[in-house]
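Some notes on the structure that comes next.
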Amino acid sequence: MELPSLWFVCLLVLCDRGNGRHLTDDADEERPYHHPRITIDRTREDDVINGVNWTQRAQDELYETLNVRQLVHPAKNVILFIGDGMGISTQTPTRFLKAQLAGKLITDTSLSWERFDASGLIKTYNVDQQTPDSAGTASAFMTGEKTRAGVISVNQNVRRGDCLNSKGNEAKSLLQYSMERGKLTGVITTARITHATPSCAYAHSADRDWENDAELLEVENGDLCHDIGWQLVHGAGNDQIRVILGGGRRNMMPNDTADPEYPLKYGERLDGHDLREDWVEIQKSKGLTDNQYKYVENLTAFNAVNPTEVEYLMGLFEHDHMKYEMMRADDPWGEPSLADMVRKSIDILKKGMDGFFLYVEGARIDHAHHDNKAYHALHDTLALEEAVQAAADMTDENDTLLVLTADHSHTFSMAGYPRISNDIFGKVENINGEIVMAGDDKPYLTLGYVNGPGFLIHRTQNLSLDTEIPRKNLTDQVTNGNLYLQDAGVPLLSETHGGEDVAIYARGPMSHLFIGLHEQHYIAHAIGYASCVGWNTELCGDISKVSSATIPQIGLILLLSYVMAAIFLRG
């Protein structure tokens with residue numbers, strides 16, 4: 001029976017090749033846009049990567065990979081970096097942007113975390129959404145529990161907005177576990193400090209929007225829950241958070257108090273609490289001197305902080321979110337860069353005998369994507385890259401675990417067939433340097449979005465939702481400015497997240513735990529195991545005695561012990 005069956009299959013294949021349109025050369029010829037054929041202009045300079053010995057480059061990379069050391073001892077320190085919304089489709093064009101800004105070949109360019117020893121993929125879905133939000137994802141990698149979209153460090157039993165049911169369903173975070181083990185801790189973000197991703201480190205809330213008490217007024221049983229801002233300052237154990245840096249003064253100030261930087265803007269709290277002042281009073285109550293704690297609101301004051309003296313630091317640098325990286329220079333008050341904040345924080349936290357846990361978010365990558373502003377998304381990714389490099393330079397891989405990942409991706413894409421040196425923000429040009437026309441005989445960009453507000457400004461009638469209106473002609477447009485919005489295929493006032501897996505990178509002790517494909521809540525368990533906090537403390541000894549000086553000697557000591565024992569037994 002097998003032979004006739006085989007002949008029957010062959011007959012079907014031949015019939016398909018003769019009459020069908022699937023997977024045939026004829027079909028491709030009828031679809032010239034799949035892989036357009038270009039007649040190469042040999043009179044112009046060849047735009048191609050030259051001077052690279054690809055075989056030697058691959059051999060060098062192979063050698064480096066074969067010689068990666070697995071560090072299997074506990075990590076004294078952990079720094080967790082989050083590129084909010086920084087999917088792989090964001091990292092790739094950022095790498096091209098970095099190369100173009102430096103005047104280098106893409107082959108000689110990598111982002112700082114791409115040189116880490118270990119990498120893998122992370123599944124980002126929430127328990128109730130295929131495409132996740134930042135609250136549910138941050139709750140997962142901070143608490144070790146998958147949960148619903150929109151909630152802050154509570155388990156999946158809590159529906160969004162259910163204040164009463166959030167009681168007893170709180171999920172403890174890595175930051176809280178780390179403080180229980182005597183580690184110094186810090187939280188850094190370029191968003192409001194009470195925003196979804198940073199708040200998952202220190203707060204528990206049935207709704208990410210409850211950033212100040214005014215948001216709880218209309219909530220059923222809202223009087224039973226504390227807002228996120230209040231929890232940051234007054235929540236159990238949070239008085240021991242050593243570094244708090246970000247934006248969002250509005251959620252910390254009373255509604256009758258004007259912002260120090262923007263006199264026409266006021267706080268939003270209704271309970272009369274100025275949480276900035278509350279924080280200062282808490283530090284005073286510990287018996288600290290003025291030199292041991294600092295509250296700052298601008299770059300000058302931040303730069304004046306002496307990390308050798310300061311034990312506790314709070315900095316709130318904006319009424320709302322901090323500036324995009326490429327707009328910081330326009331701020332008269334001045335704001336520190338993400339790298340500046342990381343350096344200062346490490347200098348403060350490294351004084352801890354039991355190590356530290358630092359949580360860092362490059363938040364505005366996400367905000368730029370929501371607005372279809374690829375220019376800011378990529379430049380803020382570079383700002384995060386500088387921060388990661390600063391941490392790598394200031395720490396020892398023998399005692400400090402660095403982990404970088406994203407909470408989710410976006411509907412952002414890098415497409416077309418642009419020549420290798422094409423401006424990453426520019427119109428697509430082919431290898432002859434000719435602008436490529438789309439099916440409507442108009443240029444299109446390398447970077448774009450599936451949905452978002454960019455749709456509205458790329459149609460001939462601005463702010464129209466009519467999908468039949470043709471695209472604007474981009475021929476004379478400057479497409480790499482900081483106010484420019486990329487095109488989007490579906491009209492939305494705010495672009496959505498993307499649901500695909502995101503990358504994770506790690507360097508230092510136990511970094512190999514992050515190789516492969518993992519659930520997002522696994523991150524917390526892997527970091528907890530690596531740093532002896534949370535769920536697996538019984539597996540570790542006293543890590544306060546582990547330092548960058550002693551770790552390299554551990555293997556030698558064990559080897560010598562084995563040799564001495566062998567000599568003794570032989571004798």
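The values are calculated or read from the model by the stated rules, or taken from the named source; none is laboratory data. Predicted model only: the values in this text are computed from it and were never measured. Because the Cβ atoms are built from the backbone with ideal geometry, glycine has one as well, and the counts that use them run over all protein chains shown. Ligands, DNA and RNA are excluded from the accessible area calculation, which covers all protein heavy atoms including side chains. Shrake-Rupley method; radii C 1.70, N 1.55, O 1.52, S 1.80 Å.
Descriptive notes on the structure:
- Exactly one residue out of I469, I515, I527 is among the aliphatic types (A, V, I, L, M), surrounded by 10 or more Cβ atoms within 10 Å (Cβ to Cβ), over 31 Å from the mean Cα position of the chain (by Cα) and at pLDDT 75 or above, and it is I469.
- Options H367, H376: the member that is in a helix (DSSP H, G or I), open to solvent by 10 Å² or more (accessible area, probe 1.4 Å) and over 30 Å from V48 (Cβ atoms): H367
- For the range 134-145, filtered to residues that are surrounded by 21 or more Cβ atoms within 10 Å (Cβ to Cβ) and not hydrophobic (A, V, I, L, M, F, W, C), the residue that is nearest to A236 (Cα to Cα) is T143.
- When the strands (runs of 3 or more DSSP E) confined to the range 399-456 are screened for residues that are within 19 Å of Y484 (Cα to Cα) and touching a strand residue (DSSP E or B) at 6+ places or on another chain (Cβ under 7 Å), those reaching at least 1 such residues are found at 412-414, 447-452.
- Answer from T475, T496 - the residue that is out of contact with any Phe, Trp or Tyr (no Cβ under 8 Å at 6 or more places or on another chain), of a type in the set (S, T, N, Q) and under 22 Å from T405 (Cβ atoms): T496
- Taking the criterion of being in contact with a strand residue (DSSP E or B) (Cβ under 9 Å, 6 or more places away or on another chain) and either open to solvent by 10 Å² or more (accessible area, probe 1.4 Å) or within 22 Å of V533 (Cα to Cα) (or both), the residues of the range 146-161 that qualify are K146, T147, R148, I152, S153, V154, N155.
- Among the residues of the range 274-322, those that are buried (at least 18 other Cβ atoms within 10 Å of the Cβ) and in contact (Cβ under 8 Å) with a residue 60 or more places away in the chain comprise E311, Y312, L313, M314, G315, L316, F317, E318, H319, H321, M322.
- Test result for N291, among the polar types (S, T, N, Q) and in a loop (DSSP other than H, G, I, E, B): no
- Scanning the range 492-512 for residues that are assigned to a loop (DSSP other than H, G, I, E, B) and more than 14 Å from the chain's Cα centre (by Cα) yields L492, L493, S494, E495, T496, G499, E500, G508, P509, M510.
- Condition met for E361 (farther than 17 Å from T197 by Cα, of a type in the set (D, E) and in contact with a helix residue (DSSP H, G or I) (Cβ under 7 Å, 6 or more places away or on another chain)): no
- Contacts under 8 angstrom Cβ, first residue in the range 394-406 being among the acidic types (D, E), partner surrounded by fewer than 22 Cβ atoms within 10 Å (Cβ to Cβ) and in a helix (DSSP H, G or I), 6 or more apart: D399/I551
- Pairing each residue of the range 104-117 that is within 15 Å of E397 (Cα to Cα) with any residue that is part of a loop (DSSP other than H, G, I, E, B) and open to solvent by less than 70 Å² (accessible area, probe 1.4 Å), provided the two are 6+ apart or on different chains, yields C-beta distances under 7 Å for D117/V68.
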